[in-house]
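Okay, so here's the structure we're looking at.
The values are calculated or read from the model by the stated rules, or taken from the named source; none is laboratory data. Note that this is a predicted model, so its numbers are computed, not measured. Glycine also receives a Cβ, built like all others from the backbone with ideal geometry; neighbour counts cover every protein chain displayed.
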Amino acid sequence: MTFDDFLSAFFSLDILRQAWPILLDGLVQTILLSLLVVPLGLLGGVILAVLSTIHHPLLRWPLMAWVDLFRALPPLVLLVFIYAGLPFAGLEVTAWQAVAIGFFLNTGAYYGEILRAGIESVPRGQMEAARSTGLSRGQAMGFVILPQAVRNVLPDLISNTLEVVKLTSIASVVALPELLFQARQAQSVTYNATPIMAAAVIYFILLWPVVRLLSRLENRQLAGRR
Amino acid sequence: MSNWDRFLDSFFNLKVAAEYLPKIIEGFWLTVLLALCIVVTGLVAGLLLAVLRSFGIRVLNWLIIFAVDLFRALPPLVLITLLFFGLPAAGFSLTGFASTWLALSLVLMAFAEEIFWAGITAVPKGQWEAARSTGLTFLQTLRMVVLPQALRMTIPPLTNRTIAITKGTALASVVAVQEILGAAQAGVSFSFNPTPLTLGALAYLVLFVPVVLLGRWIETRFAWKR
Amino acid sequence: MPEPIIRAQGVHKHFGPLHVLKGVDLEVAERELVFIIGPSGSGKSTLLRCLNRLEEPSSGSIHVDGIDMLDRRTDINKARQRIGMVFQSFNLYPHMTALGNVLLALRKVQKLPREQAERRAWAALQRVHLSDRADHYPGQLSGGQQQRVAIARAIALEPRVMLFDEPTSALDPELVGGVLAVMRELREDGMTMVVVSHEMGFAKAAADRVVFMADGMILEQGPPDAIFGNPQHERTRAFIRQIDRH
């Protein structure tokens, strides 16, 4: 195989020009998907984290089991179960609905663990001070505890968000036309790897800045923890 | 037939379960094998890169940092797709198993390098100086003084990351590997019944719930003193 | 004698097997400054925290400004507005400026319009002599300044009673004076105050009454001169001897 063969198999400008419109479509879908599932996951996480501050044994164990269940189940398994399984129970779900439910459950559990750690890192006195001025539990949580909690675990939150955005690629398995799905379509029509390569490059350009930022934050965190 | 009976008949159909259980068990061991391969090669490669980085050769370090960033930014499924569907265009093909193994090893390598490196840099300079002043060589210092301290620090983040990446073995189903999810999906399409998916989900729980609990235990056991 | 503004009767508090308060009765009159002293673990702070129900008493009754604090029907958040509290560790919100700290409850609990809330917050900061630090974050303030902001946060709500839980114990010695000066000004303005503290000099100079607690009970109380000059109870004598040695 010559270098030219290699170039034309992976970096063919001709193919790229043909595939570009549908790749762009895919990119738009990936971005929309991320804008849907990140807030959904965060919502699930906040619910779990706030519930976990109610120290009641009847709540604590089911909550822990719930979180561990969705941390143990690979997200793709969950997604396939929802998409391919629920119709047998008489519940037809679209690809978008399946992805929304799956990510709410899966990434919610991860965000929940992170936020719980964040809440636990806020000194007890903060809640007491807030309550002593007459703020309700919910107000104290919303205005005083959560903002500090989020700040304390910001690197972990960003890191998880990066993983969630990468994870949207599994939506291709349920034929949701996001970036990877479109790239596969283009590849199977052209018998050429260029579209997949292009998708990889797009992901990299999109996410590299986040990775850089994270690696700085994480180094500082580990060094500071000694 | 009541709704409840129909539900049981769909998701917990004993006849279907008995028929496909052997396939799922085969898939289970394939998943275990794949996971072990990934953990070993990924962690070893990550440690190797971190040690190489500590030599401080500038051009080499740029390459290492770039490789790490690349595999942190790319979704694992994109990598698997590229290796499995893309490489044939260059004239040689990998099996689905090999594609997944290689792709997830590269991803784990990237995360592990980052964590190992952070651990190494978190060991105070005085440790290096003290060891070198007693006549230990660079490598002796690294192996006997720095790494033991660094590794202890890295255990909790490394465990969690390894678990998360190992769960990606389910992605192998996309490239026709008959691991748990692959076997379960095949079962569903043959039997027109989602019970194999239920079995598959249970198999993942059997595999990963202990691992997640281990991760929790390690996190408290090696908790950072704040 | 007029109705006391604080009336605690037979207050017990258990923490699991620990019996921390063993039937405490305490009455505080309006405009009175009551000073609570006692060895650590005597239950002083717990008593204070029961008064605004940050701790739930196991039994007994507590009335503040005519409100039954332990009644389930009492809107506790409303009731707490009348009881300002200052903590040993300040507990300022680190993500808000000094002004933000004071504003929060004014805006969210009292629901004052922005302008009016800001006027009140500024006035409160002025009273603790920190209006020039309004836009500073707690991390940029000294311990003494942080504690004064915490006082401003409490008085901005115009409470009827102020509780101080060892307000100067976490401060470097040279910063104590500023906080005590602010407390003295509050006293002169007629605020009812209950203070748990080890600042005996302040107690002698400013307190109307000193309460000595040990083992979850009030053993002795009276004017500062009597308690410090001629303590009746053996435990009180031992405690005061020990304090004087420092």
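Data table
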| quantity | calculated |
| --- | --- |
| Residues of region A:37-69 classified as of a type in the set (A, V, I, L, M) and within 15 Å of the chain's Cα centre (by Cα), total | 6 |
| Residue match in region B:179-187 (condition: within 11 Å of another protein chain (Cβ to nearest Cβ) and over 15 Å from residue B:26 (Cα atoms)) | no |
| Where residue C:27 falls short, out of the listed (1) under 30 Å from residue A:149 (Cβ atoms); (2) touching a Pro at 6+ places or on another chain (Cβ under 7 Å); (3) acidic (Asp, Glu) | (1) |
| Checking residue A:167 against (1) part of a helix (DSSP H, G or I); (2) of a type outside the set (Gly, Ala, Ser); (3) more than 8 Å from every other protein chain (Cβ to nearest Cβ), the condition it does not meet | (3) |
| Answer residue from region A:96-125, given it is among the polar types (S, T, N, Q) and surrounded by 20 or more Cβ atoms within 10 Å (Cβ to Cβ) and is nearest to residue C:159 (Cα to Cα) among those | A:107 |
| For residue B:59: the one exception among (1) assigned to a helix (DSSP H, G or I); (2) facing chain A (nearest Cβ under 10 Å); (3) surrounded by fewer than 18 Cβ atoms within 10 Å (Cβ to Cβ) | (2) |
| From the options A:35, A:40, residue that is under 26 Å from residue A:101 (Cα atoms) and in contact (Cβ under 8 Å) with a residue 24 or more places away in the chain | A:40 |
| From A:76, A:115, residue being assigned to a helix (DSSP H, G or I), in contact (Cβ under 8 Å) with a residue 40 or more places away in the chain and within 14 Å of another protein chain (Cβ to nearest Cβ) | A:76 |
| Selected residue (only one of A:220, A:225 is at pLDDT below 95 and either more than 24 Å from residue B:163 (Cβ to Cβ) or in contact with a Cys (Cβ under 8 Å, 6 or more places away or on another chain) (or both)) | A:220 |
| Condition check for residue A:146: under 25 Å from residue A:209 (Cα atoms), more than 8 Å from every other protein chain (Cβ to nearest Cβ), out of contact with any helix residue (DSSP H, G or I) (no Cβ under 6 Å at 6 or more places or on another chain) and in contact (Cβ under 8 Å) with a residue 12 or more places away in the chain | no |
| Residues within region B:68-115 that are more than 12 Å from every other protein chain (Cβ to nearest Cβ) and of a type in the set (Gly, Ala, Ser), tallied | 5 |
| Subset of region A:151-179 (residues that are farther than 21 Å from residue A:209 by Cα and β-branched (Val, Ile, Thr)) | A:170, A:173, A:174 |
| Top-ranked residue of region B:122-147 - restricted to ones that are crowded, with 16+ Cβ neighbours inside 10 Å and closer than 30 Å to residue A:214 by Cβ, ranked as farthest from the chain's Cα centre (by Cα) | B:128 |
| Residue under evaluation residue A:138, criteria (1) within 14 Å of chain C (Cβ to nearest Cβ); (2) touching a Lys or Arg at 6+ places or on another chain (Cβ under 7 Å); (3) part of a helix (DSSP H, G or I); (4) not hydroxyl-bearing (Ser, Thr, Tyr), criterion not met | (2) |
| Selected residue [among the acidic types (Asp, Glu), modelled with pLDDT of 90 or more and within 20 Å of the chain's Cα centre (by Cα)] from C:188, C:234 | C:188 |
| Residue within region C:157-168 that is assigned to a helix (DSSP H, G or I), at negative phi and either among the charged types (D, E, K, R) or in contact (Cβ under 8 Å) with a residue 24 or more places away in the chain (or both) present | no |
| Filtered residues of region C:50-92 (kept if away from chain A (no Cβ under 14 Å), of a type outside the set (A, V, I, L, M) and in contact with a strand residue (DSSP E or B) (Cβ under 6 Å, 6 or more places away or on another chain)) | C:57, C:58, C:59, C:60, C:61, C:63 |
| Odd one out for residue B:193, checked against (1) in a helix (DSSP H, G or I); (2) out of contact with any Asp or Glu (no Cβ under 7 Å at 6 or more places or on another chain); (3) within 9 Å of another protein chain (Cβ to nearest Cβ) | (1) |
| Selection status of residue A:192, surrounded by 19 or more Cβ atoms within 10 Å (Cβ to Cβ) and more than 8 Å from every other protein chain (Cβ to nearest Cβ) | no |
| Residue list for region C:108-151, restricted to those being free of Cβ contacts under 8 Å to residues at least 24 places away in the same chain and closer than 16 Å to residue A:129 by Cβ | C:108 |
| Single unsatisfied condition, residue C:12 versus (1) over 16 Å from the mean Cα position of the chain (by Cα); (2) in a helix (DSSP H, G or I) | (2) |
| Strands (runs of 3 or more DSSP E) contained entirely in region C:181-246, each with at least 1 residues that are free of Cβ contacts under 8 Å to residues at least 60 places away in the same chain | C:217-222 |
| Members of region A:47-73 that are within 30 Å of residue A:176 (Cα to Cα) and either more than 8 Å from chain B (Cβ to nearest Cβ) or buried (at least 21 other Cβ atoms within 10 Å of the Cβ) (or both) | A:47, A:48, A:66, A:67, A:70, A:71, A:72, A:73 |
| Considering residues of region B:1-14 that are within 11 Å of residue B:196 (Cα to Cα) and of a type outside the set (Phe, Trp, Tyr) only, the residue nearest to the other protein chains (Cβ to nearest Cβ) | B:10 |
| Meets criteria (more than 12 Å from every other protein chain (Cβ to nearest Cβ), crowded, with 17+ Cβ neighbours inside 10 Å and either in contact with a helix residue (DSSP H, G or I) (Cβ under 7 Å, 6 or more places away or on another chain) or at negative phi (or both)) for residue B:174 | no |
| Residue that is nearest to residue C:190 (Cα to Cα), among those in region C:121-178 that are surrounded by fewer than 19 Cβ atoms within 10 Å (Cβ to Cβ) and of a type in the set (Lys, Arg) | C:160 |
| Tally of residues being in a helix (DSSP H, G or I) and away from chain B (no Cβ under 12 Å) across region A:79-109 | 12 |
| Residues within region C:156-171 that are within 12 Å of chain A (Cβ to nearest Cβ), in contact with a helix residue (DSSP H, G or I) (Cβ under 6 Å, 6 or more places away or on another chain) and more than 15 Å from residue C:52 (Cβ to Cβ), tallied | 1 |
| Some residue of region A:193-215 being farther than 30 Å from residue A:92 by Cα and basic (Lys, Arg) | yes |
